[in-house]
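The values are calculated or read from the model by the stated rules, or taken from the named source; none is laboratory data. Bear in mind the structure is a predicted one, so any value in this text is a computation, not a measurement. We place every Cβ from the backbone using ideal geometry, glycine too, and count neighbours over all the protein chains shown.
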Amino acid sequence: MRLSKSTVLYMAIAACAIAGVGWVALQDPAQVVPAGLENRAEIEALQTGDMRKLQFHATPKSVPDIAFDTADGGTATLADYRGKLVVVNFWATWCAPCRKEMPMLDALQDQMGGDTFEVVTIATGRNAPPAMKAFFEEIGVKHLPLHKDDNSALARAMGVLGLPVTLILSPEGVELARLTGDADWSSDSAKAILQALMPAG
């Protein structure tokens, strides 16, 4: 059974009162421990291979409300993906490690994508749509979107300093972890970590 956020909050307040410890009121989702992270040691035990580079934040980070251009010609923000566990990948057509990594992200989306999980790829900087399409076609990517962040406003606001950078966002819309550089996102380790972070039910 899934508990509402308010129920979880009240339970946490009660636990603190019983334990006789102080309590600081939670003001925003970034201060709430997301589902799956209650026992971080269990998550960290799943990190093998490339996933050792995945760094979980001590406190989840708020995500900026900055629009990016979608593949269908519209706009969106990362808040539009709330309700799902989301892997957000920033890339560019000139990025050699991105070329290596993208098929693995494509396989991850193919295997796990659905109502509770999605891989969102965003080309940041100057990336012409024809070049983006050719990039995906050349490496056989079929399940990922051709979204773009032309002026890098979103990438800059999120502290993306090099490429590729991949973030994990909770269903509450906060950043749980990030990995800088390419990684095998289709590995058993990656999938086990993501499954552990999935909302129950």
Tell me yes or no: at least one residue of the range 112-123 is touching an Asp or Glu at 6+ places or on another chain (Cβ under 7 Å), closer than 19 Å to residue 199 by Cβ and in a loop (DSSP other than H, G, I, E, B).
no
Can you pull out the residues in the range 26-78 that are β-branched (Val, Ile, Thr) and at pLDDT 95 or above?
48, 63, 66, 70, 75, 77
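Checking the condition surrounded by fewer than 17 Cβ atoms within 10 Å (Cβ to Cβ) and not in a loop (DSSP other than H, G, I, E, B), which residue from 156, 126 passes?
156
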Going through 176, 108, 144, 161 one at a time, which residue ends up being in a strand (DSSP E or B) and within 26 Å of residue 49 (Cβ to Cβ)?
176
Across the range 164-173, what is the total count of residues that are of a type in the set (S, T, N, Q) and part of a loop (DSSP other than H, G, I, E, B)?
1
Does residue 80 satisfy the criteria of being out of contact with any helix residue (DSSP H, G or I) (no Cβ under 9 Å at 6 or more places or on another chain) and over 22 Å from residue 193 (Cα atoms)?
yes
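Here is a list: 160, 174, 120, 165. Which entry is within 18 Å of residue 71 (Cβ to Cβ) and touching a residue at least 24 places away in the same chain (Cβ under 8 Å)?
Going through 160, 174, 120, 165 in turn, just one is within 18 Å of residue 71 (Cβ to Cβ) and touching a residue at least 24 places away in the same chain (Cβ under 8 Å): 120.
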Before we move on, is residue 175 among the charged types (D, E, K, R) and in contact with a Pro (Cβ under 8 Å, 6 or more places away or on another chain)?
yes
